[in-house]
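In what follows, a structure is listed as structure tokens, so that the remarks can point back to it.
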Amino acid sequence: MTNEQTSRPWNESERLAALRSYRVLDTPPEPEFDDLAQLATRVCQAPVALISLIENDRQWFKAEVGFGLRETPLDRSICVSTIRGAGLTVIPDLTQDARFAADPLVAGRPHLRFYAGAVLETPYGVPLGTLCVLDYVARDLTDDQAFALKALTRQVMSQLERRRVILEQGEALEVSRRIEQRQALLVRELHHRVKNTLATVQGLVGATGRSTGSFDEFYRSFSNRIMSLAKTHNLLTEDYWQTAPLREIALNELKPFAESRVPRFMLIGPRVELSADLAVPVGMALHELTTNAVRYGALSVPTGYVQVRWRMSEAEGARRLHLDWREFGGPPVSKPQHQGFGSMLLERVLPMQCNAEVEVHYDSAGLRFRMDAPLVERRLVPDY
């Protein structure tokens with residue numbers, strides 16, 4: 001046996017990672033590799049040629065001539081010994097080599113005798129497999145044949161590198177296309193959201209002006225509503241103006257009462273992400289309910305508290321949100337004489353904007369608000 005170079009150390013896990021990075025295992029035959037295997041048989045005047053890639057439990061052939069198999073177990077592999085060295089390995093008579101004499105392909109059919117293989121090596125010196133030729137008679141390679149086999153091996157690696165570059169370029173183009181598509185959708189959603197926000201602000205100005213009796217009261221109410229709207233929008237921008245978690249929306253309004261020694265509110269329900277068109281009106285509704293509770297309801301006295309409970313239901317493939325706001329321990333409640341902005345929002349705006357069913361009960365024990373609204377499931381802008 002001859003081997004041109006001494007063995008080089010390499011880590012098997014790194015070698016397997018390098019092999020799989022080419023994404024060539026178990027791919028269909030390709031003319032570029034088949035032609036190189038055919039050239040190897042002609043140049044070396046051998047009946048069998050293999051482009052063999054060594055995996056952890058098998059050798060798989062990207063191209064084969066005269067062998068009739070696409071893979072064999074490693075216990076029938078001569079190439080697995082070859083890649084432990086480097087350069088070209090020539091075994092003139094396999095029956096005279098103790099490592100291979102008992103190999104089923106040597107001792108039995110097809111009675112292989114001669115082997116010559118050159119290592120397929122990455123640019124970083126990691127062996128992937130071999131380009132090898134085999135014969136049924138003991139023999140050797142001429143100098144010209146040895147030179148040609150090594151040259152063909154370099155061409156196999158060039159084809160593997162070229163193939164990987166083409167795959168990576170195609171993937172990069174696809175990623176770029178998806179990013180451009182995503183940016184276009186994001187711009188559309190941003191335009192839609194800005195228009196809706198401006199319309200909401202315009203509505204807030206008019207509704208707040210009609211429900212307040214002085215400029216100071218108008219300024220205070222309008223500023224608080226804008227701040228509430230901004231908090232909901234901050235949550236939405238974290239998900240590209242698309243969804244916001246219901247729990248966080250509620251916490252934005254009730255957070256001032258979180259540090260009280262006596263619990264002032266409870267939030268009970270699963271994690272729910274609300275679409276932008278639902279999150280904004282729900283956030284405004286929770287702001288109005290909180291403001292009313294602070295002025296007249298359960299949060300206006302030290303012993304009062306609020307319970308916000310929600311759940312999900314599904315029917316005919318569509319999900320719905322059921323939200324329940326209840327106040328306890330506050331002063332007696334009665335229905336207001338005049339409808340303010342908060343009442344209008346709860347009873348008229350939510351049904352119109354969200355297709356919601358709402359109920360407002362002015363129970364003497366405490367205000368109760370219920371809402372049942374469909375969820376918008378489709379995301380306009382996909383995740384990264």
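The values are calculated or read from the model by the stated rules, or taken from the named source; none is laboratory data. The structure displayed is predicted, hence computed values, not measured ones. Every residue, glycine as well, gets a Cβ built from its backbone with ideal geometry; the counts of neighbours run over all protein chains shown. Accessible surface areas use protein heavy atoms only, side chains included; no ligands, DNA or RNA. Shrake-Rupley method; radii C 1.70, N 1.55, O 1.52, S 1.80 Å.
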Legend entry - Those residues of the range 241-256 whose amide nitrogen sits under 13 Å from the label point placed on MET227, 7 Å along Cα→Cβ: 252-256
Inset, instruction - Run the accessible area of the range 82-182 with a 1.4 Å probe and give the carbon-and-sulfur part as a rounded percent. - result: 55 percent
Legend entry - FRET efficiency for GLU180 and THR237, using Cβ-Cβ distance with R0 set to 25 Å, rounded to 0.05: 0.75
Legend entry - Length released on extending from GLN307 to ASP75, taking residue separation times 0.36 nm less the Cα-Cα span: 76.6 nm
Legend entry - Separation of the ARG84 and ARG220 label points, Cα + 7 Å toward Cβ, nm: 8.7 nm
Legend entry - Label point distance in nm, MET266-GLN45, each placed 7 Å from Cα along Cα→Cβ: 9.3 nm
Inset, instruction - Quickly work out the ASP140-to-GLU32 label distance, labels modelled 7 Å from Cα along the C-beta direction, and quote it in nm with one decimal. - result: 3.6 nm
Legend entry - Accessible solvent surface per residue of the range 130-186, calculated while the other protein chains remain in place, 1.4 angstrom probe, Å²: 59 Å²
Legend entry - Estimated vicinal HN-Hα couplings, Hz - the range 56-69 in sequence order (Karplus 6.51, -1.76, 1.60; Gly, Pro = x): 6, 9, 7, 10, 10, 9, 5, 8, 8, 10, x, 10, x, 10
Inset, instruction - Apply 1/(1 + (r/R0)^6) to the Cβ-Cβ distance of ARG368 and ARG23, taking R0 = 41 Å, and write down the FRET efficiency to the nearest 0.05. - result: 0.10
